[in-house]
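In what follows, a single structure is set out as structure tokens and then discussed.
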Amino acid sequence: PKSLDPCDIIIVGGNDAPRLSSFMRANIKICNQIPKICMVHNLPASKRASILNAGFDDVIAFSRCSVEEASARICAIVERYRATQIIASKNSAESALKNQLCDTSTLSPAELRIFDELFRRHPNIVSYETLMSVASKDHIPISKQSLAVAISKIRQKLRSQYYIKSIKNHGYCIFLDN
């Protein structure tokens, strides 16, 4: 597609596997977020696989597939794309909100995991144990002193109107300074 107009789906038909693959490789960047279906009549499995490997989401061979099945497969692919776009949109909004609190690009991986957990659970208190476990990912939990150091580093990187409060004998919580 040479057009810049948005579309919901791209459906291409033909039986020339090299040409269909070449088409997809040439247009993969402008079709990146759009479902791509290739309709063929009677190609062997190896040629259908080469078309799939070129970047199509599905190859439907009408000689082997009913109209109802083709329609169901196309609808399923379109719904997966829509669901992915909704999740990406939510993640983008969440990321922007996180960056209002703190420049997350300056956090270490462990600090980012701690910050994400505090953000996700806001306005609730997150226990020391939970944060120590989150910080270390799948390894042995970090010590309470290491957690305190990581929290201190996160505090230094928070925007001025936000702060992390220690709730004695419980954990930490992010607050907005009023």
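The values are calculated or read from the model by the stated rules, or taken from the named source; none is laboratory data. This structure is a prediction, so every number in the text was calculated from the model and none was measured. For accessibility, only protein heavy atoms count, side chains too; no ligands or nucleic acids. Shrake-Rupley method; radii C 1.70, N 1.55, O 1.52, S 1.80 Å.
Numbers for the structure displayed
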| item | result |
| --- | --- |
| Per residue value of the accessible surface for the range 107-175 (all protein chains in place, 1.4 Å probe), Å² | 59 |
| Extension gain, S89 back to S146 (0.36 nm per residue minus Cα-Cα distance, nm) | 17.1 nm |
| Accessible surface ranking that places the most exposed of H139, H170 first, with a 1.4 angstrom probe | H139, H170 |
| Cα gyration tensor category, rounded, prolate or oblate, for the chain with a/c compared to 1.5 | prolate |
| The range 36-178, relative contact order [Cα under 8 Å, separation at least 6], % | 18 |
| Value of [θ]222 nm, deg cm²/dmol, for the chain, DSSP H segments ≥ 4, -39500 (n - 2.57) each, nearest 500 | -17000 deg cm²/dmol |
| With all protein chains modelled, accessible area of M39 [1.4 Å, Å²] | 40 |
| Cα-based helix-to-principal-axis angle, 67-101 vs the chain, degrees rounded to 10 | 30 |
| Accessible area (Å², 1.4 Å probe, nearest 10) - T130 | 40 |
| Share of carbon and sulfur in the accessible heavy-atom surface of the range 9-75 [1.4 Å probe, %] | 54 |
| Solvent-accessible ranking of R82, R25, R19, largest area first, probe 1.4 Å | R19, R25, R82 |
| Chain lengthening between V67 and S50 when straightened (0.36 nm per residue, less Cα-Cα) | 3.8 nm |
| Accessible area in the full protein assembly, largest first, 1.4 Å probe, for D103, D16, D8 | D8, D16, D103 |
